[in-house]
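Working notes, beginning with the structure itself.
Just so it is clear, none of the values below were taken in a lab; they were calculated from the coordinates. These numbers come from a predicted model, not from an experiment. Cβ coordinates were reconstructed from backbone atoms using ideal geometry, including for glycine residues, and neighbour counts include every protein chain displayed.
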């Protein structure tokens, strides 16, 4: 059975429709409005609720991936925990051994004597042995430069540098300059060098240094 649709009649119904008075609407306008409502409700529901749920789902999936990665990282750390503890003990041991090579304040004078004796023991003549009046303070240690000027032959100077390197305390030789004499003193060499000695700071000195650093920064700005 064929169905004939009179589009002109439908168009006339829309033209005559008083949209402000739904009670007078004909069948065609009512059907169109009903279809629009049936379409609008799901669309509005999607944007009002479903889209929010999709965004929440994507966010939770991202957090899930992040938590999984954190879990894997912590699992690796837990598996290697014993190895990390062993490495930490080795580092503590090495640090303690290095720290013992730094004298405390009361041992500094003895170290200066050791440096002097190392030069005299090799037959060097000290023309200058001048420890700096003050120390250069670092984070947990202090260094004190000593300006040296010694004369002797090349072999004795090399032996002196070796002896200084073998002292039980850490001493470094820096800014080394060697010059030769003239005439009959051409075989006599003069070495200008800065020896640096180091000592560790005791707990009181470290605490005082941190207080001074805190004061120098001033109060925190709001």
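Going from the residue with the fewest nearby Cβ atoms within 10 Å to the one with the most, 129, 198 rank 129, 198.
Across region 105-207, Cα pairs under 8 Å and at least six residues apart give a relative contact order of 29 percent. With an a/c value of 1.5 or above and a/b larger than b/c for the gyration tensor axes a ≥ b ≥ c computed over the alpha-carbon atoms, region 105-207 is described as prolate.
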